[in-house]
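This report refers to the structure that appears directly beneath it.
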Amino acid sequence: MFARVHEPLAVRLRAIFAEELEEQLTQMHAALASLQRDPADREQLRAIFRVMHTLKGASRAAGVPLIEQVSHALEGELARARDTGAALDAAQLALLLEAADAFGGARERLNSGQPVDSAALSGVLQRVRRGGSGARSAPTPTSTPAIAARAAAVPEAPIAVPIQETTPSPSALPTVADDRAVRDEHVRIGVMQADAITAAAGEIAVLSGALADHAAAVRALRAQLRAHMRSSDADEQQALDRELARLVQQSGDDARSLATISGRLEGPLRHLRQRPVRDLTDTLERMARDVARDVGKQIVVTTEGEAVEADRVVIEALREPLLHLIRNAVDHGIEAPAVRVAAGKPPEGNLRIEVSMHGDRIRLTVADDGAGLDLAAISRAMARHGRVVPTEQTALANAIFDDGFSTRESATTLSGRGVGLGIVRATAERLGGSADVQSVAGRGTTFVLDVPVSIATVRALLVVVGGVILAIPSGFVNRVISAQAKALQHVDGRDVMIVDGPPLPVLPLASLIGAPYRSGAWGDRVQGVVIEGSGHRVAVTVDDLLDERELVMRPLEHVSAETSAATVGAALIGTGDLVLVLSGPFLLAEASRVAGSLSASSLPKRKAAPRPRILVVDDSITSRTLEQSVLSAAGYDVTTAVDGLEAWRAIERASFALVVSDVEMPHLDGIGLCERIRANPGTSSLPVILVTSLDEPAHRARGLEAGADAYVAKSSFDQDQLLDTVRMLIGRQGDDQ
């Protein structure tokens, strides 16, 4: 198996697997130490089961068949113990200890570039196949502290930080030893240190927000003093007013400077923790071809977006779910060559793995052109296990993500002994993302994972519910809403509103997250957020909308299961308050459960027509939504971006008639975006409007020098002025472009 792969890639895969094996052994040793104290500990049994399951798939991808066979055999032993509820006996524990030692020896051989033909591993495999007989005698009590010490003494995992921008070509990596030499050219920094630096950058961001709040407070004080001093001495009033104006200006400048510094610090710090998705796709492509060969199928694998980078924690968390998706696509989805030819398809199946950036999130797509999901088989499997069978096809398709679901009645080295695709959705949601599946009979299946680039920070919208501040990840926020209560309609006995499409159910956010949160009664106006994900949308109402911020995530400890399911963590804000960051998938799932399906048959359908596309760029969700709403209401097709970098990626992927951009933004500001647009021959004539709070002649001149076609100040923002400017540059909606 190993010899058939291009040598540099094979070496790289084995080097990656050696690192993963070390991480999995750390978990295995810790679980074994606990099981020696309590052999009936079901959680630790499941932990070792997951280690075996992970090693089985990873070793297959890396071309280490002996580890794959041992892992698969031990997985079966552990599955039987899990399913029967029996505690592990002394012989089973001894066998697992022997396996851990054998895996450790295999790791050393991998690191030294030697073949993994370990007699110790072969011995473990033989004993498992004999039903565990002949295992070495149970360990004496003196071995327990050694195992515990071995688990406790594992050093923190390092992150490699490049000193130079260039990366050696694959041809420069002929051996594992040489690969280690390349890694030695990197500065090694512990994860804890990287986390500490990232947290410090987050504190700077918090301080930046606090300074902005202070500036707003001084501005309010200035207005109050103006009102109180109208009858006082004019000279004294002017002097005080000048001093307050200076403080307002200074506070605002300091806040913007600090935000700029924080933005410059944030990028390099994130890069310390990031790895290219190529580390995953290389493994997946190899594994897909091996699986296809084993089941007698032919496939063509294409990958896109391998250069996209994400936090190493996210990369590692996605490894096992993506292995499951690839196995599922090859084993279940793509048909045998003869079946494909009979159906008018080429004998080779197509498997596409695509990674793309969407703001501060990455989207991973695994698509095949196979037979599609067998909904009838899914229905039968659900009924066989006593589950309620959904009548709606989307819900039926998504049942494959249920924990332990499988349409197969027996396990193989490819199927997962009850793990199934549940791990895919569980991992995505644990990362604060979502998993979705779409299928067309006879044409194929597409799985989409949408997860944040980093779990260390999150961009979120702050809202108020029952006097408590909560955060909703911006990746799930389609827009904010503020509408007259009388504008709500009633369909199927539910409150709904029309927002660019079918009717949306309107639900209080408090009703989704439960006690102790309680919303106030709606007044004349309804404030809320449209949440979107996995093809679903819902409008949730809140008591107040605050602003959008970059939050440094902190794990939640000692919370109830309900709170854990509804949140992805917590974060400090400028006031010193700790806010809960809500889970987007949880809110969408609860909304679907509470509201059910909606019928829009009684509502008039609006005929879609081609519309000029405008890109709105602003790091403030409030400003972004305001401009989006104004332009959408005027008939334009509006796409949004949270900063200049995301905007530039959008411009590279799609065609726009106009860009409306804020100036002060992290990563790439509006001036830089405008300069980049003008410098590119393909976009040099694209009209750009800059909208900013910096209403100063110098800032205006700088924007126009960068090539902006127009400049609109937020302080005097008027929607008619914006629309007049847009129409002047690209015409009215419906005009010939």
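The values are calculated or read from the model by the stated rules, or taken from the named source; none is laboratory data. This is a predicted model, so every value here is computed, not measured. With ideal geometry, Cβ positions are generated from the backbone for all residues, glycine too; neighbour counts draw on all protein chains shown. Remember, those area values only see protein heavy atoms, side chains included, never the ligands or the DNA or RNA. Shrake-Rupley method; radii C 1.70, N 1.55, O 1.52, S 1.80 Å.
General observations
- Among K486, K345, K56, the sequence by solvent-accessible area, most first, with a 1.4 Å probe is K486, K345, K56.
- Extension reserve of the D374-A245 stretch, reckoned as 0.36 nm per residue once the Cα distance is removed: 39.6 nm
- Sorting E646, E108 on solvent-accessible area from highest to lowest, probe radius 1.4 Å, gives E108, E646.
- Stretching R387 away from A485 to a fully extended chain increases their span by 31.2 nm, per 0.36 nm per residue minus the current alpha-carbon distance.
- The stretch between V339 and R363 holds 5.5 nm of extra length on full extension. This uses 0.36 nm per residue minus the Cα-Cα distance.
- Ligands, DNA and RNA aside, D253 has an accessible area near 50 Å² when probed at 1.4 Å.
- Accessible area, probe 1.4 Å, largest first, for residues E320, E19: E19, E320
- Pair R613, L704: separation of 7 Å Cα→Cβ label points (nm): 3.1
- The D41 and V300 beta-carbon pair, evaluated with R₀ = 56 Å, returns a calculated FRET efficiency of approximately 0.75.
- Accessible surface of L512 - all protein chains present, 1.4 Å probe, nearest 10 Å²: 10
- Approximating the spin labels as points 7 Å out from Cα along Cα→Cβ, the N680-to-Q114 distance works out to 5.3 nm.
- Amide H to amide H distances under 5 Å link A310 with R275, V277, where only residues 5 or more positions off or on other chains count and H is placed in the peptide plane.
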